[in-house]
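Taken together, the values in this text are just the output of simple stated rules run on the coordinates, not laboratory data. Since we're looking at a predicted model, the values are computed, not measured. Cβ placement follows ideal geometry from the backbone for every residue including glycine, while neighbour counts extend to all protein chains displayed.
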Amino acid sequence: MAKLEVHDISSGYGEQQVLWGVDLSLQPGKLTSLVGSNGAGKTTLLRTTVGALRAWTGSVHLDGHEITSVPSHRRPELGMVLVPEGRQLFASMSVQENLEMGATNSRARSKIHENLERVFDMFPRLKERRSQASGTMSGGEQQMLAVARGIMAEPEVLMIDELSLGLAPMLAVNLFEKLLALKNLGLTMLLVEQNVQLALKISDYAYVLREGRIFIHGPADDVAANQEVRTAYLGV
């Protein structure tokens, strides 16, 4: 059974439709990438999936239970966690305070100390700077903090919007390696990513979104080998 299933989702903003009948399925313990050009609807699909944007049609199921009408603020209680584009950290708060803010839902509060040690082991730089205001950190460090805050929420499904946006290549590779470590621990993830080549390289499965519709999907290696994908997104 799929860990997360999105079926026939249509949505948009005001009267502007962005998504048309999108289907997407995440298998347990797998890393799935959602790629496509700017404006294809990737962030809109994430926002609709987590309930921040109302679905015009379709349904969202988590572990076989429909959650389409569950308010967005309650979805982390069910294990659905989004690391948003732009990080959205509390700039005046310390690294540790930002991490603790990630553990406010009931499933995460009892594991806050355990998960703090977990993310400090994964991101030693955050441990070194646990008392530093997050707004004074570099872009790469802030992205580490945003991912770590997501982990603090004790997710069943972790969704990450534009992991590498604005980062130097070496920092991006380092963060992708952290995702591989999380996948090896059995965490189910959905990655929206502009670096199509890196995303497909580490993913088990991939979807390509084009003009609000799924253009192609399949095992990531097969998607990467598709000639139209190679031409349009990989520069081959």
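Figures for the structure shown
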item	result
Selection status of Val70, in a loop (DSSP other than H, G, I, E, B) and under 20 Å from Ala2 (Cβ atoms)	yes
Within the range 171-236, helices (runs of 4 or more DSSP H) holding 3 or more residues that are aliphatic (A, V, I, L, M)	196-202, 220-225
Residue within the range 12-29 that is surrounded by 14 or more Cβ atoms within 10 Å (Cβ to Cβ), hydroxyl-bearing (Ser, Thr, Tyr), within 30 Å of Asn195 (Cα to Cα) and touching a helix residue (DSSP H, G or I) at 6+ places or on another chain (Cβ under 8 Å) present	no
Residue match in the range 144-151 (condition: over 27 Å from His61 (Cα atoms), assigned to a strand (DSSP E or B), touching a residue at least 24 places away in the same chain (Cβ under 8 Å) and of a type outside the set (S, T, N, Q))	no
Scope the range 71-125; condition surrounded by 21 or more Cβ atoms within 10 Å (Cβ to Cβ) and touching a strand residue (DSSP E or B) at 6+ places or on another chain (Cβ under 6 Å); matching residues	Met80, Val81, Leu82, Val83
Residues of the range 34-67 classified as surrounded by fewer than 17 Cβ atoms within 10 Å (Cβ to Cβ), on the phi < 0 side of the Ramachandran plot and not basic (Lys, Arg), total	8
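Residue-wise test of (1) within 30 Å of Gly64 (Cα to Cα); (2) touching a strand residue (DSSP E or B) at 6+ places or on another chain (Cβ under 8 Å); (3) surrounded by fewer than 19 Cβ atoms within 10 Å (Cβ to Cβ).
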site	(1), (2), (3)
Ser138	no, no, yes
Val147	yes, yes, no
Ile151	yes, yes, no
Val157	yes, yes, no
Leu165	no, no, yes
Pro169	no, no, yes
Ala181	yes, no, yes
